[in-house]
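Down below is the structure, laid out as structure tokens.
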Amino acid sequence: MDFDDLKNSWQAQPVQTGTDQRRFAEQKNNWLKNRKRLLLSNVCMSIGFIVAMAVIAWVYFSFEKQYQWPFKVSIAMVYLLMVVFVIISWKSYAFKKIDFDVPGKGFVEYQIKKLDLQRDILTKYSWVYVVLLWLAMMLYAWEVTAKVTATYRFTAMLIITAYMGGITAWGKLKKHKKQIKEVKALIEELENLKQGLE
């Protein structure tokens, strides 16, 4: 290799400016914040579900002889929904160690895949979860209120519906909207990083 080839090769190298380094540091910081938030959220959710499952088990074993199959099916549905949702939520957490200093294309694709799953949980799967949970709660309420007046039965079902609808709407409008925006921004940043690696 002669001097001109060496000079051209050297000049063809990308120059890391201070702006690039700041952008890269910001990208890394955003990803780490998202990862930490997701870990805390998953741990709290898992603990909450364990406590809820213990209470539901107590309710089931205390009252199983008083009620028919809708009671048992509703409790089984709630258990199944909690287990599936916890598994999907933990599946969206990127367990591979982050090494932004030597990002490879495969590593970046892995992170994008996990972020896509996080976005799907927030935009699609949480709706499915809420609807199925609502159905289970309606089945439960229908069976538990079988011996009371129709007014009491439908009032209880309406209160459950309003409560679940209110909590879901609050979560979607306040919490999830911000999270979806953050996840989309991280996906865009990683897509740009991936293009730079190609």
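None of the figures in this text is laboratory data; all of them are computed from the coordinates on show. Here the structure is a predicted model, which means the values were calculated and not measured. All Cβ positions, glycine included, derive from the backbone under ideal geometry; neighbour counts span all protein chains shown.
Please list, by residue number, everything in segment 114-148 whose backbone N is under 14 Å from a paramagnetic label point 7 Å out along Cα→Cβ of ILE167. Taking a point 7 Å out along Cα→Cβ of ILE167, the residues of segment 114-148 whose backbone N falls under 14 Å are 127, 129-138. Listed peptides 67-74, 155-162 appear in the order 67-74, 155-162 once ranked by packing, highest mean of other Cβ atoms within 10 Å at the front.
Each label point was placed 7 Å from the Cα along the Cα-to-Cβ direction; for LYS124 and LYS147 their separation is 4.5 nm.
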